[in-house]
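Novice: Quick one: this structure, given as structure tokens, is what I'll be asking you about.
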There are 2 protein chains.
Amino acid sequence: MAGIKDVAAAAGVSTATVSRALTPGGRVSATTRERVETAATRLGYVASSLGAGLATGRTRNIGVIVPLIDRWFYSQVVGGIAVTLQDLGYDLTLYNTALKAGQDERIFHDYLYRRQVDAVISVSMQLKEQDASFLRSVGRPAVGIGFSLEGLSTVGVDDYAMAHQATTHLTGLGHRDIAHVSGGRVVAENYSLIGQRQRGFADALAETGTGVNASWVVESDFTIADARAKISALLGSGRRPTAVFCDSDEMAIGGMLAASQLGLRVQEDVSFIGIDGHELGEAMGLTTISQAPGEQGRIAAQTLLRSLSPESTADDLRAGHQLVESSLVVRSSTRRL
Amino acid sequence: MAGIKDVAAAAGVSTATVSRALTPGGRVSATTRERVETAATRLGYVASSLGAGLATGRTRNIGVIVPLIDRWFYSQVVGGIAVTLQDLGYDLTLYNTALKAGQDERIFHDYLYRRQVDAVISVSMQLKEQDASFLRSVGRPAVGIGFSLEGLSTVGVDDYAMAHQATTHLTGLGHRDIAHVSGGRVVAENYSLIGQRQRGFADALAETGTGVNASWVVESDFTIADARAKISALLGSGRRPTAVFCDSDEMAIGGMLAASQLGLRVQEDVSFIGIDGHELGEAMGLTTISQAPGEQGRIAAQTLLRSLSPESTADDLRAGHQLVESSLVVRSSTRRL
DNA sequence: CTGAAAGCGCTTACAG
DNA sequence: CTGAAAGCGCTTACAG
């Protein structure tokens, strides 16, 4: 593999000149630049990011922290981040926090402190106040997705509003006996979304003068299989809710499958509404609150890159929470009572 | 952020000793090691991977190349790779090839040559002979998933056999009018799996003395939505197949939805079989050939790590193809004609 | 067992 | 515009 010395020798210049010729803003004569570029191309030279990183303190590598890459929501978010990063020539280093329970702190310590990333995007994992201030102090910007924190740039949807809107859609159709399948069973002290959605659900119900029926609030783990079992139990015994609000489309789909296995008709006998905008929900006619995870990833990456660019203004660096629009998509799984 | 010098000063030793004390095999006295470790912990010191990488030539970072991280199959594979890598303290840098069409070569050039990765795992993207020999020549091992190549370690399922088995399952149930929804429409000169599955399908059919009906071979793109449209057209006009074999579970699900929208009953009127082992197929009673993508990722990562370890034997380094078992899972979407 | 020194591959003031 | 030199943060022979 050709190094900078090889290129310098081939072009008959110093390594300093090679470096300048190959850097966008570098001051070199046009002829020298051309000579260097020719040599570099011929030798297939690309600057080692280790050498460059050590010299400049920048690696052009962004750390992305997600609970689990093989879950739909996170894979969509990372997809959105990846598009944006790759467009600008940044690398993406992926960390899964759920793989080692309780190791969140170590991830910061072992990975971030190793200085191989210029910045980090934390998805769903709520950064601590101290992490955020540490990042600020070492000039490593960070952006959070799915939560908000004083002093940190974050992007996310309004979980309270989404749950409220979903529930109101159901109450607007005349439903009062509504169950809520919450994502609460997931390992998640940090997932504030769980609580916000529960409040949104309860408040929307209260607005119609109805209270939450505790036995109709069940906790599941965002997967089809588990939700299906839970909802099957819910619909199969005693008094039945007329509608079910699920914290994810996958869980709602589990519910639809459970209902039809019990001989109930989705829509006629029981309405379902989810949250996500999963392509499968579209295929199955599921009413949902779509929250565009890929878009959240894109926005977060753009925000981060902006704060990383040398021309970033104070405005770009001001921490704040960017709200991503979610929208109610009415399909055939919900109907007037 | 504390550097090695800070630790050296705090422990009253040289940086060389700090380095040795913190390296597993380093020769230092027990008391010195303890003193250094205490200082390092107190200062929150972690060796910079840039410095260490430059000095050792190893970064403990593996490049993982996938077409698109937000597709189910790839997110599962990457999940399997991530578990294994993280367990051993390796980082994972993710590259999406589909984001820049025709840039496959650049990925090698710009990323791999930058030497920030010790090795690479290429998923579905068939490495060229020259890439493989380049990697060998620079001592960077590579493992491929989903294809095989002379001189390269690869892991994958037997696509021909899977298609053959799926089709034989259908013919064994008496079906002869069988459609094949192929993944062929995807950008994929490299995806040899498409051709192999088409051959497996044709051969299994031929064994019953039946020929392929060309108008029943349709190309889709592995998504639910597209397959649904294609299969809807297929089932809605003219003579209908009695069974449909799909290259992915998601496409088969699209087919099941298309069928029921047309008023056809899955199983009674038309059987469906897919390939993958997607959790959704399980929920919907889809018969499938399960291929454990997470497992493929795990095996690939283990193979790579083995060849990276200093104690690796010649045996570990021998390139070869590891076949991952796939298995027929019969559920309710297929039935005897 | 430990330290001084060289070197990994770059970039960037500093001179000229 | 260009080069020599220092330095980024480590590791590892080489001596002792």
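The values are calculated or read from the model by the stated rules, or taken from the named source; none is laboratory data. Here the structure is a predicted model, which is why all the values come from computation and not from measurement. No Cβ is skipped: glycine too gets one built from the backbone with ideal geometry, and neighbour counts run over all protein chains shown.
Novice: Which number in (1) of a type in the set (Phe, Trp, Tyr); (2) at pLDDT below 95; (3) not in a loop (DSSP other than H, G, I, E, B) marks the one condition that residue B:222 misses?
Specialist: (3)
Novice: In the list A:286, A:305, which residue meets the criterion of being at pLDDT 90 or above and surrounded by 23 or more Cβ atoms within 10 Å (Cβ to Cβ)? Can you show your working first?
Specialist: Details: A:305 fails: surrounded by 23 or more Cβ atoms within 10 Å (Cβ to Cβ).
Within the list A:286, A:305, the selection yields A:286.
Novice: Taking the range B:50-92, which residues are farther than 21 Å from residue A:116 by Cβ, part of a loop (DSSP other than H, G, I, E, B) and within 9 Å of another protein chain (Cβ to nearest Cβ)?
Specialist: B:68, B:70, B:71
Novice: Does residue B:232 count as among the polar types (S, T, N, Q) and surrounded by fewer than 18 Cβ atoms within 10 Å (Cβ to Cβ)? Before you say what the answer is, go through the steps one by one.
Specialist: Working: among the polar types (S, T, N, Q): yes; surrounded by fewer than 18 Cβ atoms within 10 Å (Cβ to Cβ): yes.
Yes, satisfied.
Novice: Looking at (1) within 14 Å of chain A (Cβ to nearest Cβ); (2) within 27 Å of residue B:86 (Cβ to Cβ), which one does residue B:331 not meet, given that it meets all the others?
Specialist: (2)
Novice: Same structure, new question: Looking only at residues that are more than 32 Å from the chain's Cα centre (by Cα), within 13 Å of DNA strand D (Cβ to nearest atom) and not in a loop (DSSP other than H, G, I, E, B) in the range B:40-49, which one is nearest to residue B:12 (Cα to Cα)?
Specialist: Step by step, filter the range B:40-49, then rank; the result is B:40.
Novice: I'm checking my understanding of the structure. Among residues of the range B:237-269 that are part of a strand (DSSP E or B) and among the aliphatic types (A, V, I, L, M), which one is nearest to the other protein chains (Cβ to nearest Cβ)? Quick ask: steps written out before the conclusion?
Specialist: In the first step, residues of the range B:237-269 are kept if they are part of a strand (DSSP E or B); the result is B:243-246, B:266.
Right, trim to among the aliphatic types (A, V, I, L, M) and you get B:243-244, B:266.
On the way: B:243: 21, B:244: 16, B:266: 12 Å.
Looking at the filtered set, the residue picked out is B:266.
Novice: Another question, then. I'd like the full set of residues that are touching a Leu at 6+ places or on another chain (Cβ under 6 Å) and farther than 20 Å from residue A:278 by Cα, limited to the range A:244-267.
Specialist: A:262 - this is the single residue of the range A:244-267 that is touching a Leu at 6+ places or on another chain (Cβ under 6 Å) and farther than 20 Å from residue A:278 by Cα.
Novice: Hey, does the range B:226-236 have a residue that's more than 19 Å from residue B:146 (Cα to Cα) and assigned to a loop (DSSP other than H, G, I, E, B)?
Specialist: Taking the range B:226-236 first, the residues more than 19 Å from residue B:146 (Cα to Cα) are B:226-236.
When the remaining residues are screened for being assigned to a loop (DSSP other than H, G, I, E, B), the result is none.
Taking every residue of the range B:226-236 in turn, none turns out to be more than 19 Å from residue B:146 (Cα to Cα) and assigned to a loop (DSSP other than H, G, I, E, B).
Novice: Right, another one. For the range A:7-52, name all the residues that are near DNA strand C (Cβ under 8 Å from one of its atoms), buried (at least 16 other Cβ atoms within 10 Å of the Cβ) and of a type outside the set (Val, Ile, Thr).
Specialist: A:19, A:20, A:22, A:45, A:47, A:48, A:50, A:51, A:52
Novice: Report, ordered by the first and then the second residue, all pairs with beta carbons closer than 7 Å, sequence separation of six or more or different chains, a first member in the range A:14-28 that is away from chain B (no Cβ under 14 Å) and in a helix (DSSP H, G or I), and a second member that is within 6 Å of DNA strand D (Cβ to nearest atom) and of a type outside the set (D, E, K, R).
Specialist: Every condition considered, the pairs that remain are A:17/A:28; A:17/A:32; A:20/A:28; A:21/A:28; A:21/A:32.
Novice: Right, another one. Would you point out the residue of the range A:174-196, among those that are closer than 27 Å to residue A:126 by Cα and in contact with a strand residue (DSSP E or B) (Cβ under 7 Å, 6 or more places away or on another chain), that is modelled with the lowest pLDDT? It would help to see each step written out before you state the result.
Specialist: Step one: list which residues in the range A:174-196 are closer than 27 Å to residue A:126 by Cα, which gives A:180-196.
Those still in the list that are in contact with a strand residue (DSSP E or B) (Cβ under 7 Å, 6 or more places away or on another chain) too: A:180-182, A:184-185, A:194.
Working: A:180: 97, A:181: 97, A:182: 95, A:184: 77, A:185: 66, A:194: 88.
Among those residues, the one meeting the criterion is A:185.
Novice: Restricting to the range A:19-39, name every residue that is touching a helix residue (DSSP H, G or I) at 6+ places or on another chain (Cβ under 8 Å), within 12 Å of DNA strand D (Cβ to nearest atom) and β-branched (Val, Ile, Thr).
Specialist: A:28, A:32, A:36
Novice: Separate question: State all residues of the range A:203-215 that are surrounded by fewer than 18 Cβ atoms within 10 Å (Cβ to Cβ) and of a type outside the set (D, E, K, R); if no residue qualifies, say none. Walk me through it before giving the result.
Specialist: To start, the set of residues in the range A:203-215 that are surrounded by fewer than 18 Cβ atoms within 10 Å (Cβ to Cβ) comprises A:203, A:206-215.
The answer is A:206, A:208, A:209, A:210, A:211, A:212, A:213, A:214, A:215.
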